[in-house]
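All of the numbers you see were taken from the coordinates with simple rules; none came from a lab. Remember, predicted model here, so these are calculated numbers, not experimental data. As a convention, Cβ positions derive from the backbone with ideal geometry for all residues, glycine included, and neighbour counts pool all protein chains shown.
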Amino acid sequence: MWESVYYYRKKEKRQQHYKQEVLIYGATPAGITAAITLKKKGHDVRIAECSRFVGGMTTSGLGATDLGAEQAIGGLAMQFYEEIAQHYGIEKCVRFEPHVAEHIFKTWLQEHEIDVQTEQFIETVLCEDQQIQQIVMIDGTTYEAKQFIDASYEGDLLGHAGVEYIVGREASTVYKEIYNGVQFGTQHHKFESFIDPYIEEGNPASGLLYGISDEAVTEQNGTGDHRIQAYNFRMCLTKELKVPFQKPNGYERNHYALLLRYIKAGHWDAMKLHTPLMNGKTDLNNHGAFSTDYIGMNYTFPDADYEVREKMYQQHVTYVAGLLYFLANDEEVPLVIREEVRQWGLASDEFIETGNWPRQLYIREARRMRGEYVMTEHNALQRIICEQPIAIASFHMDSHHCRRIVINGRVMNEGDIQVPVKPFMIDLRSLLPKKEHCTNLIVPVCLSASHIAYGSIRMEPVFMMLGQGAGTGAAIALQEGKAVQDILYEQIRPQLIEQGLVVEWDEAFIDDPLRRMEETFGGK
């Protein structure tokens with residue numbers, strides 16, 4: 001029934017060799033803005049994308065933009081939102097339908113004659129003298145270039161190239177941070193009542209309800225681990241021209257037993273973060289203690305092979321689709337909730353090729369490079385001001401939950417952090433690998449940042465701006481014949497400003513970080 005997949009298995013090999021000045025891996029917003037920037041500067045560029053689609057999360061349901069401070073947006077990112085507003089005939093718009101975003105990106109790619117090769121999964125990366133020479137894909141396609149940009153959400157190119165990276169949460173002692181590592185005591189998305197975790201309430205011998213880890217919890221706040229924040233799908237729903245929620249293949253009712261127990265305790269917030277878009281559609285995100293986040297089910301995804309990722313992808317599809325089906329149809333769910341959920345359905349005019357299901361899994365965090373400079377909470381909280389700023393981040397430091405556990409006989413979620421920040425600058429060097437690892441790769445998405453700092457940086461508008469910065473840096477490296485680490489900041493800064501990017505925050509701008517964060521949570 002569900003046609004959305006992660007891994008497209010190729011039945012036949014093809015002997016296709018592409019040679020270009022710059023190869024970009026990932027047709028995410030960052031990959032697209034990097035490619036356009038290079039094209040405008042007269043360079044030969046090509047994008048290789050693992051899916052069949054372009055635009056990443058921006059075209060796959062994340063229509064309620066995590067904007068942060070409006071005045072921090074510049075360059076092609078600003079142009080994108082201006083064209084969104086023009087489409088709807090209004091002055092400003094950052095809440096849009098997925099197909100509108102996809103049309104804009106496709107138009108940009110066509111206007112700049114940028115070739116995008118889809119269904120491209122990396123098999124090997126050939127390196128010599130700390131330089132990537134060639135990428136070989138599973139289907140036999142090869143890509144040769146002088147410069148490379150990894151704009152993927154997973155960081156597959158940097159990983160295959162032998163660049164140092166981390167998966168998981170650093171201990172708070174690594175960078176002397178407060179908000180990194182294990183985090184108990186969250187103020188958001190927690191169970192608001194004492195919920196018994198056992199299949200037979202009060203009887204530990206009966207086993208735990210599905211989705212609750214049986215691990216013994218011994219860590220204290222700030223302990224580092226391998227866990228990453230939960231993934232989900234950003235669902236584009238509507239009450240008009242809707243496709244009713246259907247029972248997915250592999251549906252297991254017991255997967256929602258904990259949710260049912262929570263509902264019966266008087267809590268109903270699984271679909272609360274239902275942000276209105278244009279034309280009666282919404283962007284449904286995770287909200288509350290039990291919602292669309294598939295908590296604890298993604299730890300191995302970043303380093304897994306493509307077949308394993310496909311299984312995990314489908315498990316996320318089944319979980320989220322099953323959640324919506326359960327809420328709309330299960331007879332134990334209170335009728336008032338079923339009637340409310342039944343008003344909604346998948347938008348029948350979105351994601352036509354994948355049965356109206358979003359194409360992109362929301363990979364909030366995967367590999368994070370360990371590069372020339374590591375962005376930390378000290379940057380986000382402006383204890384440290386970076387020396388080579390190329391873009392501004394301003395969304396609050398945001399980590400979704402990483403696991404669901406039992407403490408003192410009650411179920412708890414762990415890992416959520418929401419900390420307001422003032423707009424802060426992102427250092428050019430955080431996009432660059434260490435020189436001893438690779439000298440012709442720039443990484444605007446899986447950049448060098450601690451877990452909690454990445455929680456603020458990882459927003460789609462910021463990725464667009466970092467992609468533009470990556471494209472500018474790659475162009476300079478080509479023109480100068482230099483390693484990317486030898487790019488002079490004095491060269492790149494005026495070019496970024498000329499392109500309309502905001503590289504430093506002007507304190508004259510008006511911004512209220514706490515208000516912005518409260519708006520995200522509806523005042524909670």
Using +1 at the Cβ of each Lys and Arg and -1 at the Cβ of each Asp and Glu in the chain, identify which of Leu466, Leu258, Ile149 lies farthest towards the dipole's positive end. Leu258
Gln110/Arg370 FRET efficiency (R0 45 Å; Cβ-Cβ; nearest 0.05): 0.75
Kirkwood-based Rg over Rh for the chain (C-alpha set), two decimals? 0.96
Run the dipole for the chain about the Cα centre, Lys and Arg Cβ at +1, Asp and Glu Cβ at -1, nothing else charged, and hand back the magnitude in debye, nearest 20. 440
Phi angles of segment 100-113, converted by Karplus (6.51 cos²θ - 1.76 cosθ + 1.60, θ = phi - 60°) into ³J(HN,Hα) in whole Hz with x for Gly and Pro, give 5, 4, 5, 4, 5, 4, 5, 5, 4, 4, 5, 4, 9, 6
Equivalent ellipsoid dimensions for segment 275-419 as semi-axes, Å, which come from the Cα gyration tensor, largest first: 32, 20, 19
Estimated inter-spin distance, Glu123 and Phe184, nm [label 7 Å along Cα→Cβ]: 5.0
Which entries in the list Lys146/Lys435; Lys106/Lys281; Lys40/Lys146; Lys239/Lys311; Lys13/Lys435 go over 27 Å, if you measure between the two C-alpha atoms of each? Lys239/Lys311; Lys13/Lys435
Just the number: Rg to Rh for segment 174-262, Cα atoms, Kirkwood Rh, two decimals. 1.04
Between Asp196 and residues 5 or more places away or on another chain, which pairs have amide H atoms under 5 Å apart, with H built 1.01 Å from N, and which residues are they? none
Starting from the amide H of Asp416, placed 1.01 Å from N in the peptide plane, find each other amide H under 5 Å away whose residue is 5 or more places distant or on another chain. His401, Cys402
May I ask for the Rg/Rh ratio of segment 66-128, computed from Cα atoms with Rh as the Kirkwood radius, given to two decimals? 1.13
Among Ile73, Ile407, Ile178, what is the fewest-to-most ranking by other Cβ atoms within 10 Å? Ile407, Ile178, Ile73
When the C-alpha atoms of segment 375-457 are aligned to their principal axes, what extent does each axis show, in angstrom, from largest down? 52, 30, 17
If the chain between Asn249 and Ile510 were fully extended at 0.36 nm per residue, the gain over the current Cα-Cα distance would be 89.0 nm
The ³J(HN,Hα) series, computed from each phi in segment 235-244 with the Karplus coefficients 6.51, -1.76 and 1.60 at θ = phi - 60°, rounded to the nearest Hz and given as x for glycine or proline, is 8, 8, 10, 7, 9, 10, 6, 9, 9, x
For Tyr18, the residues 5 or more places away or on another chain with a placed amide H closer than 5 Å to its own amide H are Thr142, Tyr143, Glu144
Can you give the translational diffusion coefficient of segment 126-237 in µm²/s, computed by Stokes-Einstein from the Kirkwood radius over Cα pairs at 10 °C and 1.306 mPa s? 84
